[in-house]
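To keep things clear, I will list the structure first and then write my remarks on it.
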Amino acid sequence: MQTSSSARADLRVVTNQAPPLTGHNVVTADTALTEGVLRHGTQETLDSIVGLGAEAGSAEAREHGQLANEHHPELVPYDRYGHRIDEVAFHPSWHWLMERAVGHGLAATPWEEQAEGAQHAHLRRAAGFMAWSHTEPGHGCPISMTYAAVPALRADEAIAKEWTPLLASRRYDPGVRNPSEKLGALAGMGMTEKQGGSDVRANVTRAQPSGGLDGTYTLHGHKWFTSAPMNDVFLVLAQTDGGVTCFVVPRVLPDGTRNQLDVVRLKDKLGNRSNASSELEMDGTVAVRLGDEGRGVRTIIEMVAATRLDCVLGSASLMRRAVSEASWHVTHRSAFGSRLVDKPLMQNVVADLAVESEAATALALRLASAVDGLADPHEAALRRIALPLAKFWVCKRTPMMVAEALECLGGNGYVEESVMPLLYREAPLNSVWEGSGNVNALDVLRALGREPEVLDAWITEVGRARGGDARLDRAIEDTLALIGSLMGEPEAMERGARRLASRMAAVLQGSLLVRFAPPEVADIFCASRLSPSYDGVLGALDGGDLRAVVERTTPTLG
Ligand SMILES: Cc1cc2nc3c(=O)[nH]c(=O)nc-3n(C[C@H](O)[C@H](O)[C@H](O)COP(=O)(O)OP(=O)(O)OC[C@H]3O[C@@H](n4cnc5c(N)ncnc54)[C@H](O)[C@@H]3O)c2cc1C
C-alpha cells in the first residue's frame with residue numbers, strides 16, 4: 001500500500017521532546033551559584049561574570065564544546081621536513097574555548113588581581129570557572145594548571161616575576177615560541193611516572209647540575225602522564241642528590257631553541273578527550289631549580305592544592321550542568337498523562353540531585369573564598385582540611401550523581417547529542433588525578449595528625465551553624481566521637497579514612513546549607529546525608545518540599 005504524503009508528514013511531527021537547553025545564562029540561572037557569590041563576595045563580583053554566563057550558555061559555545069570533543073587532539077611529532085617538533089594539533093573549537101577561558105581571566109589572573117588589592121579575585125575566578133566549564137570540561141585542565149602554577153612559582157621570587165605576568169595574562173597566545181615574544185603563556189605539571197603517581201618519592205627521573213654559570217640542571221627520565229604538553233612551561237619533579245626536587249621546564253629556551261621534551265604518545269582516555277594528555281621522555285632537558293634540593297614535594301604542593309580546588313570546582317560544575325539538563329528535560333517531557341516533573345517519584349530524584357549539586361556548589365565557593373582570605377589563620381587552616389575533604393567527597397559523589405541525571409533523560413540521555421555521555425565520561429576524572437580518593441582521605445588524616453589547628457578550624461566553621469538543625473548538631477557530635485575513637489589507632493584510622501572524610505565533608509556541607517540555603521534545601525540534606533542510616537541511593541528521600549527544590553534548580557531561558 002502506498003503511503004500518502006500527508007500520512008508521511010504526520011509521521012514526522014515531533015511531539016513531547018524537550019527543546020535544547022541553550023540560550024540561557026548559566027550564571028543567573030544558577031541560584032545556588034549567584035547566592036554563593038553574593039554571600040562571599042559582592043554584587044560587583046557577580047556582575048563581573050554575568051556576561052561569561054551568557055556566553056557559556058549560548059548555542060555557539062555548546063557547539064564548540066561538542067566539536068572540541070569530537071575532533072580529538074593529534075600528536076605532530078615531526079614537521080614536514082623531518083624536524084622533531086613534538087606539537088599537538090587541536091580543532092579550532094578548542095582554541096575558541098581556550099581563548100575565551102583565558103580572556104575571562106580564568107587562568108592565573110586572580111593572583112595578580114589579588115596582589116593589586118582585589119578582595120574576591122579567587123571567588124570570582126572560581127564561580128567563572130564553574131560556569132564556563134558548562135561549555136565543556138576538558139580545556140579546563142590547562143586553565144587549572146596555569147592557575148595553580150603561580151603559588152608554587154612563588155618559591156623563587158625571580159622565577160615568579162618572570163612567569164607570573166604571562167600566566168596571569170588574559171591573552172591566549174598558543175604556539176611553541178619564545179615566551180619573551182608571547183602575550184600570554186600556559187603551564188603544566190609533570191609528577192606522575194610509570195612506577196608511581198601518588199608516591200612521587202618513587203620518581204626515577206634524575207636531575208644533574210649542568211655545570212654552567214647559569215645554574216641550570218639537565219633532566220633524564222620520563223613522565224607517564226603530563227597533560228597539555230603544548231603548554232609553555234612545566235613544573236616537574238626529579239631526583240637530585242638531595243632528594244625529590246621541583247624544576248621549571250620551559251618548552252622554548254631563552255635563546256629561542258626548543259627544549260628537548262619528546263612527546264612519546266597521547267593517552268587514549270575514557271573522557272576528557274578534547275584535552276591532550278601525554279607521555280614524555282627527557283634526555284638532556286634544560287631545567288631551572290624551583291626551591292631547595294630535596295624540597296620538591298613541599299614546593300609543588302602549592303600547585304597541587306590549587307589544582308585540587310579546581311577538581312572540586314570542576315566536579316561541582318559537572319553536577320550543575322547535569323541537574324540543569326535533567327530538570328529541564330523532566331519539565332518538558334510527559335509520560336503516563338502528566339509532566340515528568342509532576343510525578344512524585346521523579347520529583348524525589350531531581351530534588352535529591354539538586355540538593356547534591358547545591359551542597360557541592362556551596363562547599364566549592366566556600367573554599368574559593370578561603371583562598372581569598374588565606375592571610376587569616378582560620379581561613380588558612382580551614383582550607384588545609386576542607387580541601388582534601390571536598391576533593392574526596394564532591395569528586396567521589398559526581399559519577400553516581402551524573403549517572404542518575406543522565407537517566408532522567410531516559411534513552412535520550414544515552415545519546416551523544418544530549419551531552420550527558422560527555423559529562424558521564426568526565427565524571428570520574430577529578431577523583432583520580434591530583435590525589436585519588438584514598439590519597440585525599442589519607443591527607444585528611446595527615447592534616448589532623450600534624451596540624452591541630454585544622455580540627456579547630458573545622459569545629460569553628462561547622463559550629464557556626466549549631467542550633468540551626470538538631471540533626472546537624474547530632475552529626476557534629478557523632479563525627480567528633482568518630483575522630484576521638486580513631487585517633488591514636490593508626491591502622492583503624494587508615495582503614496576508616498574514607499568513613500571519616502565522608503562524615504566530616506557532609507557535616508561541613510550541611511553546616512553551610514543550614515546557614516545559607518533555603519530551609520527546604522537544608523532540610524533535605526540534613527534528613528538524608530546526615531542521617532546515620534543514609535544509604536546513598538539518590539531519589540529515596542523520605543519527605544521534604546521536593547517541588548520547591550526542583551523549581552529552584554530548574555534553569556530558565558534568558
Ligand atoms: C586525565 C588525566 C590527566 C592527568 N594529568 C596529569 C598531569 O598533567 N601531570 C601529572 O603529573 N599527572 C597527571 N595525571 C596522573 C594522576 O595524577 C595520577 O594518575 C594519580 O595521581 C594517581 O597516580 P597513579 O596513576 O600512579 O596511581 P597509583 O598511585 O598507583 O594509585 C592507584 C590506586 O591506589 C590508591 N593508593 C595509592 N596510595 C595508597 C595508600 N597509601 N593507601 C591506599 N590506597 C592508595 C590510589 O588512591 C589509587 O586508587 C593525570 C591522570 C589522568 C587520568
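The values are calculated or read from the model by the stated rules, or taken from the named source; none is laboratory data. Remember, predicted model here, so these are calculated numbers, not experimental data. Glycine gets a Cβ as well: all are built from the backbone with ideal geometry, and neighbour counts include every protein chain shown. For the accessible areas, the whole protein counts, side chains as well, though only heavy atoms, and no ligand, DNA or RNA atoms are used. Shrake-Rupley method; radii C 1.70, N 1.55, O 1.52, S 1.80 Å.
Structure values in brief
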{"quantity": "Average Cα contact separation per residue, the chain, under 8 Å, 6 or more apart, as relative contact order %", "calculated": "14 percent"}
{"quantity": "Computed FRET value (nearest 0.05) for Arg84 with Asp268, which takes r as the C-beta separation and R₀ as 30 Å", "calculated": "0.85"}
{"quantity": "The stretch 152-243 - share of DSSP beta bridges that are antiparallel (%, nearest 5)", "calculated": "55 percent"}
{"quantity": "Ranked by how many other beta carbons lie within 10 Å on average, peptides 395-401, 147-153, 358-364, 55-61 from highest", "calculated": "358-364, 147-153, 395-401, 55-61"}
{"quantity": "Additional length obtainable on full extension of the chain from Leu557 to His332, 0.36 nm per residue less Cα span", "calculated": "79.7 nm"}
{"quantity": "Portion, in percent, of the accessible area of the chain that falls on carbon or sulfur, probe 1.4 Å", "calculated": "52 percent"}
{"quantity": "Mean ellipticity per residue at 222 nm, deg cm²/dmol - from DSSP H runs of n ≥ 4 across the chain, formula -39500 (n - 2.57)", "calculated": "-17000 deg cm²/dmol"}
{"quantity": "Per residue, in Å², the accessible surface of the stretch 224-326 once ligands and nucleic acids are set aside, probe 1.4 Å", "calculated": "30 Å²"}
{"quantity": "Given charges at Cβ of Lys, Arg, Asp, Glu: the chain dipole, positive-most of Thr479, His91, Val341", "calculated": "Val341"}
{"quantity": "Probe 1.4 Å - accessible area at Lys343, Å² to nearest ten", "calculated": "50 Å²"}
{"quantity": "The stretch 190-267 shape via C-alpha gyration tensor axes, a/c threshold 1.5", "calculated": "oblate"}
{"quantity": "Gyration tensor (alpha-carbon) shape descriptor, the chain, a/c threshold 1.5", "calculated": "oblate"}
{"quantity": "Unit charges on C-beta of K, R, D, E only; dipole of the stretch 79-180, Debye", "calculated": "160 debye"}
{"quantity": "Part-to-part distance (alpha-carbon centres) for the stretch 295-341 and the stretch 541-558, which is given in Å", "calculated": "17 Å"}
{"quantity": "Mean Cβ count within 10 Å, highest first, over the residues of peptides 199-206, 435-442", "calculated": "435-442, 199-206"}
{"quantity": "Two-site FRET efficiency, Ser6 against Val76, from Cβ-Cβ distance with R₀ of 45 Å, rounded to 0.05", "calculated": "0.25"}
{"quantity": "Accessible area expressed per residue, the stretch 494-547, with surrounding protein chains retained (probe 1.4 Å, Å²)", "calculated": "42 Å²"}
{"quantity": "List Trp224, Trp132, ordered by accessible area with a 1.4 Å probe, largest first", "calculated": "Trp224, Trp132"}
{"quantity": "Accessible surface, 1.4 Å probe, highest first, among residues Thr28, Thr34", "calculated": "Thr28, Thr34"}
{"quantity": "Where only alpha carbons of the stretch 113-216 are counted, the Rg and the Dmax (Å)", "calculated": "16.6, 49"}
{"quantity": "Length released on extending from Glu477 to Glu453, taking residue separation times 0.36 nm less the Cα-Cα span", "calculated": "6.8 nm"}
